[in-house]
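The values are calculated or read from the model by the stated rules, or taken from the named source; none is laboratory data. Only a predicted model underlies this, so the values are computations on that prediction, with no experimental measurement involved. Glycine also receives a Cβ, built like all others from the backbone with ideal geometry; neighbour counts cover every protein chain displayed. Ligands, DNA and RNA are excluded from the accessible area calculation, which covers all protein heavy atoms including side chains. Shrake-Rupley method; radii C 1.70, N 1.55, O 1.52, S 1.80 Å.
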Amino acid sequence: MKLHIPKELPSFETLLAKLVGENSISASDSSWDHSNESVIRELEKWLLGLGFRCEVIPVDQQAGKYNLIATLGTGSRGLVLAGHTDTVPYDQARWNSDPFKLSFSEGKYYGLGTCDMKGFFPIIVEALKSMDQAELNEPLIIVATADEESSMAGARLIAQQGELQARAAVIGEPTSIRPIRMHKGILMEAVEFRGCSGHSSNPDLGNSAVNAVHGFLGELFAFRSRLQANYQNANFEVSGPTLNVGAIHGGDSPNRICGHCQMNFDIRPLPGMSVSSLHAEIDALVKQTGYKYKIDVKHRHMVEPVPAFETSRDAELVKACERLTGVPAEAVAFATEAPFLSGMGMETVVMGAGSIDQAHQPNEFLAEQQVGEMAKVLSSLINSYCIAQP
């Protein structure tokens, strides 16, 4: 299969402006959540024009959520370039410009999703521009997913379908073009305590949910200490797993016994830690608390967990990315779609233009200098995995 770039293909800035201009926010809050179909259809139009075979896959048709898998060439040992099409919500009052209108100032492209991570897709096109007329011996596959920022439903569906076949995958999250070969996972959990309210002058008139929360917190923090004593990985800046209690809500008045309380917390496990084992240990603490305080305690997962991810330091893709960027592969604490692609048998690296420090921030930007640098890296990887004879 030969790649052919039309002479009339728009510029990087024009393509990025089109994507930034489409609202594709995903959020658990329905007042913010928005379809990503317009972004998917725009990408489909570009890639059909470049000769790709495009499949738009419903993730949640009612909510207007879709994936796109675009393939150029045939075979099973090519390269996947993957990214998500959604963004997080934004705080208009803290932006200096319209988040949905691309602007350029002092070498930076500003707009919602410029670095996280709509910019990755026009960078792929830039990489292909330098490869016009190249003959592909293995396929180049571009994957665009839905709802990474809220549920990772798009990547989960691709993993469930199990039809994606390639030798390697690069997920273009903003890493300042530094290859990432491992990251922590994330579990987001809620525990609900239902006691009995009553007049605060006599504790025997009710059963305080706060008392149970206090006891559970002690057990939870002891559990955290055991995890951090038993699991360490020096590749991470924070070398152990973390557990953060992010919210506690309950009660209604200081002169009433608290009858209901809910606690929300997250755990970020290291590679090699079992998600199912973590859930089982939390369930045991919940059961113990309910029995001790004679209170109804229920545990639920706020979202489906994202496993930790690791690709071997000796993997061919890791070595290739280190050679092309001149920096060693690293580990990060934030979660991505990498474990879902890695779990399908592909060597996987997370690497893209832009900094994670700009992601989810007002005045998000992508540095112009990194656009060309990342395009060169992608061109080299496409050449190695899709064009060069094995």
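Being free of Cβ contacts under 8 Å to residues at least 24 places away in the same chain, out of contact with any Pro (no Cβ under 9 Å at 6 or more places or on another chain) and surrounded by 14 or more Cβ atoms within 10 Å (Cβ to Cβ) is the requirement here; does Ser30 meet it?
When the stated conditions are applied, Ser30 does not pass them.
Inside the stretch 39-50, can you point out the residues that are crowded, with 17+ Cβ neighbours inside 10 Å and over 19 Å from the mean Cα position of the chain (by Cα)?
Let us first name the residues in the stretch 39-50 that are crowded, with 17+ Cβ neighbours inside 10 Å, namely 39-40, 42-44, 46-47, 50.
Residues satisfying the conditions are Glu42, Leu43, Glu44, Trp46, Leu47, Leu50.
Among the listed residues Phe365, Phe334, which satisfies the condition of being of a type outside the set (Gly, Ala, Ser) and under 22 Å from Arg268 (Cβ atoms)?
Numbers: Phe365 fails: under 22 Å from Arg268 (Cβ atoms).
From the options Phe365, Phe334, the qualifying one is Phe334.
Within the stretch 350-364, track down each residue that is open to solvent by 10 Å² or more (accessible area, probe 1.4 Å), touching a helix residue (DSSP H, G or I) at 6+ places or on another chain (Cβ under 6 Å) and either among the basic types (Lys, Arg) or more than 12 Å from Ser176 (Cα to Cα) (or both).
Hit for the stretch 350-364 is Pro362, nothing else.
Looking only at the stretch 134-165, filter to residues that are in contact with a Leu (Cβ under 7 Å, 6 or more places away or on another chain) and more than 24 Å from Pro339 (Cβ to Cβ); which one of those is surrounded by the most Cβ atoms within 10 Å (Cβ to Cβ)?
Restricting to residues being in contact with a Leu (Cβ under 7 Å, 6 or more places away or on another chain) and more than 24 Å from Pro339 (Cβ to Cβ), the top hit is Leu136.
For Glu192, all conditions in the list (1) in a strand (DSSP E or B); (2) exposed (fewer than 15 other Cβ atoms within 10 Å of the Cβ) hold save one; what is the number of the exception?
(2)
Of a type in the set (Val, Ile, Thr), open to solvent by less than 10 Å² (accessible area, probe 1.4 Å) and under 17 Å from the mean Cα position of the chain (by Cα): which single residue out of Val80, Val20 fits that description?
Details: Val20 fails: under 17 Å from the mean Cα position of the chain (by Cα).
Matching residue, one of Val80, Val20: Val80.
Determine which member of the set Asp29, Asp86 is at pLDDT below 95, within 25 Å of Ser97 (Cα to Cα) and under 20 Å from the mean Cα position of the chain (by Cα).
Working: Asp86 fails: at pLDDT below 95.
Of Asp29, Asp86, the one residue that is at pLDDT below 95, within 25 Å of Ser97 (Cα to Cα) and under 20 Å from the mean Cα position of the chain (by Cα) is Asp29.
Return the pairs, sorted by first residue and then second, in which the second residue is of a type in the set (Gly, Ala, Ser) and open to solvent by 10 Å² or more (accessible area, probe 1.4 Å), the first residue lies in the stretch 348-371 and is more than 30 Å from Arg77 (Cβ to Cβ) and part of a loop (DSSP other than H, G, I, E, B), the beta carbons are less than 6 Å apart, and the residues are 6+ apart or on different chains.
Ser355/Ser176
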